[in-house]
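One structure is given here, and the rest of the page talks about it.
What follows is calculated from the coordinates using simple rules that are stated; it is not laboratory data. Nothing here was measured: the structure is a model prediction, and the numbers come from that model. Using ideal geometry, Cβ is built from the backbone for each residue, glycine included, and neighbour counts are taken over all protein chains shown.
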Amino acid sequence: MGMARFPCAGQHDRIEVTARIDGLEQQENVEIRAFQSHGGVTVCAVRKGSAECDEKLLSAPGTRVNYKVHVPTGVNLAARTVNGTIEAHRLSSDVQATTVNGSIDAALLHGIWTKAPEFSAVNGKIRIDIPNNARTGVNAETRNGRIVASLPGFRGTSTEQVLSGTIGRAAGGANCLPILIRAVNGSIELRQNF
C-alpha cells in the first residue's frame, strides 16, 4: 500500500491529506498529485505520467485510493469519488460531497454556511447528521431508495422518496441556504440529535 502526505500551512491551521493506494501493482501505475487551483488545493489520483487532475470523475485511473483529509475550521470541502465512500465529520464550513458507487456519511457541526451544503450519490446511501441548533431548509429526494428522517421540529412535506421543508425554530433567523441531498438508487437518512 503506497502513501502520499500533503501538509499545507501551520500546526493548527493546516490542511493534511494522507492517500493510500491499494496493491503493489497499482502503485506502479498511479501517482497522487496535489495542485494549487483556483479557489484552493486539489488532490487526486492520476495515471503515471499525467500532468494534472482531470475534472471528469470517470477518467480516474481505476485504482482504489483511500484519502484521509483534515481541514481547519473555515476551510470549505468538495469531495468527489466514483467508487468510494465519503466520510466527513465535524464539518464547520461549506461542503459538497458526490459519489457514484459509494456512500456518504457526514456530520455538520454548525447550522450556518455561505453555500448550500450538497450531498449526492447515484448507487449509495447518504447519512447526514444535522446539529440541534440548525434552523434551515432541507430538500432531499431519492428515486429508488427511501428517506428516513429523525428531525424534531421539521415542518414541510415528507414521503418515502421526497422531503422538503424547514427544521429548527420558526422562520426568524433561519439559514436561507437549504441542505440539498439527492440519491438515485440509495436511501437517505437524516438525523438531528447531537
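Kindly state, to the nearest 0.05, the FRET efficiency for R64 paired with N133, given R0 = 30 Å and r defined as their beta-carbon distance. Display every interim value, and only then the final one.
Values: r = 37 Å, r/R0 = 1.25.
E(calc), rounded to 0.05, equals 0.20.
Could you check the simple spin-label distance between V184 and T42, using points 7 Å along Cα→Cβ, in nm with one decimal?
Label at V184, label at T42, 2.3 nm between them.
Amide H neighbours of I179 under 5 Å, at least 5 residues apart or on other chains, H built in the peptide plane: list them.
Those lying under 5 Å, H to H, from I179 are G137, V138, N139.
Tell me, what HN-Hα J-couplings in whole Hz come from the Karplus equation 6.51 cos²θ - 1.76 cosθ + 1.60 at θ = phi - 60° for each residue of the range 153-167, using x for Gly and Pro?
Karplus-based 3J(HN,Hα) across the range 153-167 equals x, 5, 10, x, 10, 8, 10, 5, 10, 9, 9, 8, x, 10, 10 Hz.
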